[in-house]
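Working notes, beginning with the structure itself.
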Amino acid sequence: MRKYLFATLFWVLGSVAVHATQFVPLSIEKQIEEADFAVEATLDSKRVHKNASGQIMTEYTFVVNEGFGFNEPEFHLEIPGGTIDGVTSMIEGGPRFEEKSKVFLLLKNVESKIYLSNFTLGEYHIVEIDGKSYYRSEVFSHDPRIGIISKEKMQSLMKEKWQHTSLVPNPSPKNEQVVTNIPVEIKSHDIVRIPTQVEELEKTTLSTPLIFLISFIIVFALWIVIRRKQQ
């Protein structure tokens, strides 16, 4: 019985680790400060493969429409997860890019490889609202401070750090799709909020303290049962 008790305990704690993915909201100024460069880009293609360690990875190729501190016409971004040979691997809260989608990304350069700055926190989707372009946070889209920021405001912040913007002449891929008609409540000329949209992470994730409480109750109940049987 003790063996089953410990097995249950490890299963419960493992579940906590899997479902406890959390992001800390950072001001857009702090996000920009931590990034090495930024781009407005369109997803051109993706490729799923296994790396040298056998981990499933998805390599995304983006065409750069506008770069801040970045002058290349395209770049590759490798993210853990994907489906290959009938096997699916994923990281809860990881980035999600749809085919031909337009995005604004804050990026890091580590040993000549490009990564999302602060993982999914550096991912913003481009949306059109009343004829104006906005950048919508993938993680905190409901947050009135960083949820949706006007392109004008974001570009102003970009130029404060990198001094200039580089317009890349490459044409965007055909059949480009932009999300429109997002219901919003405009708070200012720079930042808007989606009042009815709930962060997806909060839908699928219980709070860590609650999960630990449930885990403790389960383990304690099993311990009581084992004690009684031993008596």
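Quick note: the coordinates plus some simple rules give every number you see, no bench work behind them. Just so we're clear, the structure is a prediction, and the values are computed from it rather than from any experiment. Positions of Cβ are backbone-derived with ideal geometry, glycine not excepted, and every protein chain shown enters the neighbour counts.
How would you order 41-48, 89-96 from highest to lowest mean count of nearby Cβ atoms within 10 Å? Intermediate values should be presented prior to the final figure.
On the way: 41-48: 17.5, 89-96: 15.5.
Going from most to least packed, we get 41-48, 89-96.
Given +1 on the Cβ of Lys and Arg, -1 on the Cβ of Asp and Glu, and no further charges, what dipole in debye does the range 53-118 carry about its Cα centre, rounded to the nearest 20?
Working: 5 positive and 10 negative charges, 33 e Å.
The dipole of the range 53-118 has a size of about 160 debye.
Could you sort out which of Lys46/Lys102; Lys108/Lys132; Lys113/Lys151; Lys102/Lys153 sit more than 25 Å apart by Cα distance in this structure? Show your work: numbers first, answer last.
Details: Lys46/Lys102 14 Å; Lys108/Lys132 28 Å; Lys113/Lys151 27 Å; Lys102/Lys153 18 Å.
As for pairs spanning more than 25 Å Cα to Cα, those are Lys108/Lys132; Lys113/Lys151.
Under a 5 Å amide H to amide H cut-off, with H placed in plane at 1.01 Å, what residues pair with Ser45 once short-range neighbours are removed?
The list, which skips near neighbours in sequence, is Thr61.
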